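Comments concern the structure below.
The values are calculated or read from the model by the stated rules, or taken from the named source; none is laboratory data. Bear in mind that the values here come from a model prediction, so they are computed numbers and not experimental data. Neighbour counts run over all protein chains shown; Cβ positions are idealised from the backbone, glycine included. For the accessible areas, the whole protein counts, side chains as well, though only heavy atoms, and no ligand, DNA or RNA atoms are used. Shrake-Rupley method; radii C 1.70, N 1.55, O 1.52, S 1.80 Å.
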Amino acid sequence: MAAVQDGAVEPENEKEMKTETLNDSAGNHTAAVGGVLSSSPGAASSVGTPKPNTAAGSDEQQTLIAVLQFLRRNKLLESVEILRREAGILEETDEAQSSEAGGTGLSGVVNVSVEGGDATTSLFNRVSVASAAPPSTTVPQPAKGGEDQPDVNVVLSAYSQQGDPALYQVYYSGLKNFIESVLDCHRAELSQVFYPLFVHMYLELVYNNHENEAKAFFEKFSGDQECYYQDDLRVLSGLTKKEHMKGNETLLDFRTSKFVLRISRDSYQLLKRHLQERQNNQIWNIIQEHLYIDIFDGMPRSKSQIDSMSGSLAGEAKREANKAKVFYGLLKEPEIEVPLDDEDEEAENEEGKPKKKKPKKDSMGSKSKKQDPNAPQQNRIPLPELKDSDKLDKIMNMKEATKKIRLAPETLPSICFYSFLNAYQGLTAVDFTDDSSLIAGGFADSTVRVWSVTPKKLRGVKSAADLSLIDKESDDVLERIMDEKTASESKILYGHSGPVYGISFSPDRNYLLSCSEDGTVRLWSLQTFTCLVGYKGHNYPVWDTQFSPYGYYFVSGGHDRVARLWATDHYQPLRMFAGHLADITCTRFHPNSNYVATGSADRTIRLWDILNGNCVRIFTGHKGPIHSLAFSPNGKFLASGATDGRVLLWDIGHGLMVGELKGHTDTVYALKFSRDGEILASGSMDNTVRLWDAIKAFDDIETDDFTAATGHIHLPENSQELLLGTYMTKSTPVIHLHFTRRNLLLAAGAYNP
């Protein structure tokens, strides 16, 4: 049953069990079963209590006879003759069964209606079936078979059209002509139904072995679909036989997940009226079975508004999917006093000012004294306690922050580019430590390489024999255990058995994560440069992994479409985030570590709550697989980049798209906000780094009640006003970006001669 949202929505299970008592115009007692009965007239006609029959195949014959009765009542005599001839049913048998059925309430009165009311759930074309049964009787849902078994409606549709599959073209053309003839304001919204209807009608033809008709249908109408569905149509064109459909993941997803359309009430009423008047079973069936229509009150959306949100594998996100409360604020920073260093004291003395007695604190530290009202509770999820080394690092960070350059359109950052030479397209992932002292690369030859980008060389720990000679009570024991003999500028980590696709440094720089085609995530020690743990949970390649900003936790995502949350001291994942319909291609932690964002090849972004594993946001709008994500430093916004070359900006609190940055001509693989969030940097396979004015992009947002309620967005016409600079490399795709603590921008990629 198509689930149509309109105001308050009942839980799905309650909706299925709910039986309402209605009265039709003739005063007959009718039972309307919401969410259980199919609205296919064929299905409606077959509902009842057939007489017991022990003969083999009697159920199938009853179904065929019910379909014949419906066709005859609607004066579709040609179809009656074709179906009877194909099924081998004698006319006398048909009429005899029909007269018997008349006494048992088998022939139903089909009334199509959408309930009114201010806050009731409106179900598209609710079916009312005249029945002698009491109103509390519910009709059981037929049990579905394996994944390759068709749904009940699909089977009935195939039965009713098996003799003349050419009617599929007639039905689709009829709807196409109707939509093209309506007013412009409704045409854009109603045109959204073309693509899902086209796919399901094609699949029904293929499933019922009408190969030639399916091919003709595809050739005639595939060119009418939106350009951003071309990749999906290419996959679909390869499915020409019923055998091809079994085991095809994309197809199974499309059939099992309802395609979501967001349509205004006026446009929806037009579509409903047209289907009622034409009694168009085929399209009626598909809308009921495979589409979720999300109705809103207000003006219909324009073509540009619809296009900006369309393109994902399963349509737009339901508005209710983005209503949950998200605590996007930052956690309160621990109060750490920053003592004045010698340089500052000397400088003040030279100027003749007295020394300050009070320790200096970082401005950001002082701001964070007040609890952000949008922040989660400090103990909402257990976070690791700060070690002494972490406190020292924070002090260093605060000192660096005092020397940080304030970026603005007039003061853009310098960019330092790290080109990997002789990598022969083997570089697959890059990461920098937060203090920019180390850089790591993942390679297609299954190795991970770590470099020091400071004069300080990489040192491992001495052997066990040498360690036994060290005085463990000495003050510099941590320095003595390091082996100067093996110090070098780079280290190679061996262990994976397939290309390494993602790497991530821990915030304390003691560990490095890597994920690979071999299905594992490995944790490496940067003290010993050895593998400590291999986390096995994914059954297929793992495309990305990332440490939490607080360490300890990390997330991974891959080909199995499930993101997993891990803790470094657990072999098994703590949470599994399932919901994407295709590979998870990138993962990112929210700055407060309470949420994880995942980007997927299904062209959607999902935000997951770590506490309970729920999906709290679904963002649609990209026209290709998503390959990069970045949260703004204040946690309010998310930027995403994809193969379509666009960078989209999202308001996490309201669950809305608020910006679209156009300029790249190839996949955007890297996104990074500056330390204070003034600049957004994007890196692409088109060999460019682009800088965008993030403050202007977000300051112009008007998230009024109407926008938040309807999902309407008004994107700026020209994103070039936000573009601050474009920087070309010679021939190096940009696959990673990183802002240092002083706001210098570091970029990395492999030179591609």
Of the conditions (1) in a helix (DSSP H, G or I); (2) modelled with pLDDT under 85; (3) exposed (fewer than 15 other Cβ atoms within 10 Å of the Cβ); (4) under 30 Å from the mean Cα position of the chain (by Cα), Phe254 fails just one. Which one is it? (3)
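Tell me which residues, restricted to the range 283-312, are of a type in the set (S, T, N, Q) and either surrounded by fewer than 21 Cβ atoms within 10 Å (Cβ to Cβ) or closer than 16 Å to Ala188 by Cβ (or both).
Ser302, Ser304, Gln305, Ser308, Ser310
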Residues of the range 509-522 being open to solvent by 40 Å² or more (accessible area, probe 1.4 Å) and not in a strand (DSSP E or B), in sequence order, are Arg509, Asn510, Glu517, Asp518
Cβ-Cβ below 7 Å, separation at least six or inter-chain, first residue in the range 385-413 and within 24 Å of Leu724 (Cα to Cα) and open to solvent by 50 Å² or more (accessible area, probe 1.4 Å), second of a type in the set (S, T, N, Q) and not in a helix (DSSP H, G or I): which pairs? Ile405/Thr411; Ile405/Asn743
Hey, Glu95 modelled with pLDDT of 65 or more and out of contact with any helix residue (DSSP H, G or I) (no Cβ under 8 Å at 6 or more places or on another chain) or not: no
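Does any residue of the range 153-170 turn out to be of a type in the set (Val, Ile, Thr), buried (at least 17 other Cβ atoms within 10 Å of the Cβ), at pLDDT below 85 and in contact with a Ser or Thr (Cβ under 9 Å, 6 or more places away or on another chain)?
Narrowing the range 153-170 to residues of a type in the set (Val, Ile, Thr): 154-155, 170.
Add one more test, that the residue is buried (at least 17 other Cβ atoms within 10 Å of the Cβ), and what stays is 154-155.
Then drop every residue that is not at pLDDT below 85, which leaves 154-155.
Checking which are in contact with a Ser or Thr (Cβ under 9 Å, 6 or more places away or on another chain) leaves us with 155.
Yes, some residue in the range 153-170 is of a type in the set (Val, Ile, Thr), buried (at least 17 other Cβ atoms within 10 Å of the Cβ), at pLDDT below 85 and in contact with a Ser or Thr (Cβ under 9 Å, 6 or more places away or on another chain).
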So Leu611 ticks every box in (1) open to solvent by less than 40 Å² (accessible area, probe 1.4 Å); (2) out of contact with any Gly (no Cβ under 7 Å at 6 or more places or on another chain); (3) touching a residue at least 40 places away in the same chain (Cβ under 8 Å) but one. Which box is left unticked? (1)
Give the number of residues within the range 528-539 that are open to solvent by 50 Å² or more (accessible area, probe 1.4 Å), part of a loop (DSSP other than H, G, I, E, B) and under 18 Å from Arg575 (Cα atoms). 1
Can you find even one residue in the range 492-505 that is open to solvent by 30 Å² or more (accessible area, probe 1.4 Å) and either closer than 27 Å to Lys387 by Cα or among the basic types (Lys, Arg) (or both)? no
Going through the range 536-551 in order, the residues found to be of a type outside the set (S, T, N, Q) and touching a Leu at 6+ places or on another chain (Cβ under 7 Å) are Phe547, Tyr550
Kindly indicate the residue of the range 664-686 that is open to solvent by less than 50 Å² (accessible area, probe 1.4 Å) and among the hydroxyl-bearing types (Ser, Thr, Tyr) and also farthest from Ala750 (Cα to Cα) among those meeting that condition. Ser674
Would you confirm whether any residue within the range 240-251 is more than 24 Å from the chain's Cα centre (by Cα) and among the small types (Gly, Ala, Ser)? no
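For every residue, the table says whether it meets (1) touching a residue at least 24 places away in the same chain (Cβ under 8 Å); (2) open to solvent by 10 Å² or more (accessible area, probe 1.4 Å); (3) within 22 Å of Ser304 (Cβ to Cβ).
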position: Arg187; (1), (2), (3): no, yes, yes
position: Leu197; (1), (2), (3): yes, no, no
position: Gln230; (1), (2), (3): no, yes, yes
position: Val235; (1), (2), (3): no, yes, no
Within the range 549-599, can you find the residues that are touching a Ser or Thr at 6+ places or on another chain (Cβ under 7 Å), among the polar types (S, T, N, Q) and surrounded by fewer than 24 Cβ atoms within 10 Å (Cβ to Cβ)? Ser593
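So, restricting to strands (runs of 3 or more DSSP E) that lie completely within the range 590-636, which ones have at least 2 residues that are of a type in the set (Val, Ile, Thr) and either within 10 Å of the chain's Cα centre (by Cα) or under 21 Å from Leu383 (Cβ atoms) (or both)?
Values: elements: 595-600, 604-609, 615-620, 626-631.
Qualifying strands (runs of 3 or more DSSP E): 595-600, 604-609, 615-620.
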Can you pull out every residue in the range 270-285 that is within 15 Å of Ser181 (Cβ to Cβ) and basic (Lys, Arg)? Arg273, Arg278
Can you pull out the residues in the range 722-735 that are open to solvent by 30 Å² or more (accessible area, probe 1.4 Å) and touching a residue at least 60 places away in the same chain (Cβ under 8 Å)? Leu723, Leu724, Thr726, Tyr727, Ile735
Do the conditions hold for Leu261, that is, is it touching a residue at least 24 places away in the same chain (Cβ under 8 Å), open to solvent by less than 20 Å² (accessible area, probe 1.4 Å) and of a type in the set (A, V, I, L, M, F, W, C)? yes
Being within 19 Å of the chain's Cα centre (by Cα) and surrounded by fewer than 19 Cβ atoms within 10 Å (Cβ to Cβ) is the filter here; which residues of the range 322-337 pass it? Lys323, Ala324, Lys325
What's the number of the condition Ser525 fails, among (1) open to solvent by 30 Å² or more (accessible area, probe 1.4 Å); (2) of a type outside the set (Val, Ile, Thr); (3) more than 26 Å from the chain's Cα centre (by Cα)? (1)
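Could you tell me whether the range 266-278 includes any residue that is open to solvent by less than 40 Å² (accessible area, probe 1.4 Å), not β-branched (Val, Ile, Thr) and not in a helix (DSSP H, G or I)? If you could, list the steps in order and put the result at the bottom.
Of the residues in the range 266-278, the ones open to solvent by less than 40 Å² (accessible area, probe 1.4 Å) are 267-268, 271-272, 274-275.
Pick out the ones that are also not β-branched (Val, Ile, Thr) and you get 267-268, 271-272, 274-275.
Filter again for not in a helix (DSSP H, G or I), leaving none.
No, that holds for no residue.
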